[in-house]
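Undergrad: Just passing along the structure, written as structure tokens.
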Amino acid sequence: MEHDLICIVCPRGCHLHVDENLKVTGNFCPRGEAYGKQEVTNPTRVVTSTVKINGSDLAMCPVKTFSPIPKGKIFDVMASINKVEIDAPVHIGDVIIHDVCGTGVDIVATRDMERI
Amino acid sequence: MKNVDLVIIGGGSAGLAASVGAFDSGIKDILIIERNPFLGGILNQCIHNGFGLSEFKEELTGPEFASRFEKQVEDRKIPYVLNTTVTSITKDKVVTYTNEKEGVVEVQAKAIIMAAGCYERNAGAIGIPGDRPAGVITAGQAQLFLNEYGYMVGKKVFILGSGDIGLIMARRLTLEGAKVLGVAELCAWSNGLNRNMVQCLYDYDIPLYLSHTVTRVIGKGRVEAIEISQVDERMNPIHGTEKRFDVDTLVLSIGLVPNNNLLTDLGVEVGRSRGAAVNQNYETSIEGIFSCGNVLHVHDLVDYVVDEAREAGRSAARYLLEGKKETSKNIPVNPGEGIGYVVPSKLDVLSLKEKTAFKFRVRKPSKNVFIDYIVDGVTVKSTFKPVIIPSEMEVFNLPKNLLENAQQSIVISMRAKE
């Protein structure tokens, strides 16, 4: 099956064409080729969200999946993220959930939040 | 009165990068003035990723990008004040600010960099007909409530405007359990980046209604429904095309405007971007007052903001170290056919560097066009563009030898390929 995609690796937004042999055309850079292949075989996304934080000056601490997870798991990952509550202080890169939903990917904090 | 060499108004991405640019060029006596209780500005609520690809060669979230620049500022021990609002500046560069600790303070600066960002157009700016219930909110405000305070703004949402923040919020609200029924866009094309169309709308099957606008808000107390209509090529609603959506919230992503009031109050000349008119050194029509970032023109990528702001910081440092220039010769830079605005809007041909960056946006999406760079009526350079769209700012560098003899004007213009 052939696919026409818009590359989302960078803001340039190249229009990719992926043929049945997974040959990618229309990409400006090699990352576009990798994205094109990935997107038609196993699409993945980085999920960013927030978790409730206690003892900081704001109510929420931003988090992300450390690397992309399968697109089909996005809502499962969101459900796990929304169950968590953490305490300040927290720093960028701190693991909030280890191996979320069996993806092998950690949820990590993306903001330094001190205890006040 | 306190004396400071360089006052920077705004501690977001532009202000922080400007301070680093100035510091590294030899100016140590700096004060950054920030209104929020933290540095980093709007990046802190932009929890999505995609920042930093050109600046740091990696993909960061907004708060991560902000922290990198906060660290650069902390490492240099550049002074800043938080929770502080600038109320006025004068032509003699007296900056008045106020905060809870110090009360009202006047600072005599030798140079000022304006880096106050932009604000969102709201419901009043477009005069949506109908009721005036609660539940009509700008996208950035919804983003702040959700990402920093943890409040959902609604359960069934419609979004007007396909700008990037609107698209980002369509996804964000969906992930948090809201139903986003659609996005309406007045233009016949999307105003967001391609990648946001894919990741935020297509991924979640959220419909986009191009050439549509909201023609009625319905609700007593709280939004109960909205009505959208198709618009004709003159953007007037077409009678009989109304569609009703039962929603509790209308999110507006209808454009950003440079927050340039402190400078317009001063009588600074304003450019086509609605920010100050600046030359290639980011200097406004008042000597020693500079402007950069979203208060100058609204950017689509923070990577471009920090690049521009660092350069503005270096220019301010040059101004402070080299003193008043005896001569300068500002030639107007004008947007021609098909071009919305150009930054800089004037060129000081006596202080040209080897290369000058011109930043501009086209008025509408176009294919197979030439961009012409015209000096005193003569086309000195043309570039071919297979695709060009308004939501992506173009940057093009012209070498000194093509610009230094300009006498009357520089025009950037779009032309269809024959």
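Undergrad: Tell me, in nm to one decimal, what length is gained between B:Lys57 and B:Leu402 on full extension, where the rule is 0.36 nm per residue of separation less the Cα-Cα distance?
TA: Result for the pair: 121.0 nm of gain on full extension.
Undergrad: Taking neighbour counts of Cβ atoms within 10 Å as a proxy for exposure, in what order, fewest first, do B:Val411, A:Val47 appear?
TA: B:Val411, A:Val47
Undergrad: Taking only Cα atoms, what is the 0 to 90° angle, nearest 10, from helix B:62-75's long axis to the longest principal axis of chain B?
TA: Value to nearest ten degrees: 20.
Undergrad: When only Cα pairs under 8 Å and 6 or more residues apart are kept, what is the percent relative contact order across chain B?
TA: Computed value for chain B: 16 percent relative contact order.
Undergrad: With a cut-off of 8 Å between alpha carbons and a minimum separation of six or more residues, what is the relative contact order of chain A in percent?
TA: 20
Undergrad: Please tell me the relative contact order of region B:328-418 in percent, rounded to the nearest whole number, where contacts are Cα pairs under 8 Å and at least six residues apart.
TA: 38
Undergrad: Follow-up. Please check which bits of region B:92-118 a label hung off B:Leu144 would reach, taking the label as a point 7 Å along Cα-to-C-beta and the cut-off as backbone N under 19 Å.
TA: The answer is B:98-100, B:115-118, whose backbone nitrogens lie closer than 19 Å to the label point.
Undergrad: With a 10 Å Cβ neighbour count serving as the proxy for reagent exposure, in which order, fewest first, do B:Ile89, A:Ile6, B:Ile9 appear?
TA: Sorted ascending by nearby Cβ count, the order is A:Ile6, B:Ile89, B:Ile9.
Undergrad: Residue by residue through B:139-149, how many Cβ atoms from other chains fall within 10 Å of the Cβ on average?
TA: 2
Undergrad: Moving to a separate point now. Over all residues in A:38-48, what is the mean tally of Cβ atoms on other chains that come within 10 Å of each residue's Cβ?
TA: Mean shielding by partner chains, rounded to a whole number: 3.
Undergrad: For the pair B:Asp265/B:Val378, report the inter-label distance in nm, with labels modelled 7 Å from Cα in the Cβ direction.
TA: Here the answer is 4.7 nm between the modelled labels.
Undergrad: Can you give the extra length, in nm with one decimal, that the chain gains between B:Trp189 and B:Asp92 once fully stretched, where that is 0.36 nm per residue apart less the Cα-Cα distance?
TA: The span from B:Trp189 to B:Asp92 would gain 30.4 nm if fully extended.
Undergrad: Next up: What average number of partner chain Cβ atoms lie no more than 10 Å from the Cβ of the residues making up A:56-69?
TA: If you average over the peptide's residues, the count of other-chain Cβ atoms is 4.
Undergrad: Looking at chain B as a GNM with Cα springs under 10 Å, which of B:Leu347, B:Leu53, B:Leu262 has the largest mean-square fluctuation?
TA: Ranking B:Leu347, B:Leu53, B:Leu262 by mean-square fluctuation puts B:Leu53 first.
Undergrad: Put a dot 7 Å past each Cα toward the Cβ at B:Arg363 and A:Lys37; how far apart are the dots in nm?
TA: Going by the 7 Å Cα→Cβ label model, 4.5 nm.
Undergrad: B:Asn122 versus B:Arg216, label points 7 Å from Cα toward the beta carbon: distance in nm?
TA: Spacing of the two 7 Å Cα→Cβ label points: 2.6 nm.
Undergrad: Counting only chymotrypsin sites (Phe, Trp or Tyr not before Pro) that sit in a DSSP loop (anything but H, G, I, E, B) with at most 14 other Cβ atoms within 10 Å, what is the longest stretch of chain B containing none of them?
TA: B:190-418
Undergrad: Past 25 Å, Cα to Cα: identify those pairs from A:Lys37/A:Lys83; B:Lys2/B:Lys91; B:Lys91/B:Lys355; A:Lys64/B:Lys155; B:Lys91/B:Lys346; A:Lys71/B:Lys367, in the order given.
TA: Checking Cα-Cα distances, A:Lys37/A:Lys83; B:Lys91/B:Lys355; A:Lys71/B:Lys367 exceed 25 Å.
Undergrad: So what's the back-of-envelope 222 nm ellipticity for chain B, counting only DSSP H runs of four-plus at -39500 (n - 2.57) apiece and dividing by all residues, rounded to 500?
TA: -5500 deg cm²/dmol
Any read-out appearing in this document is the output of simple, stated calculations on the displayed coordinates, not a laboratory observation. Everything quoted here is computed from the prediction, not taken from an experiment. Note that each Cβ is placed from the backbone with ideal geometry, even for glycine, and that neighbours are counted across all protein chains shown.
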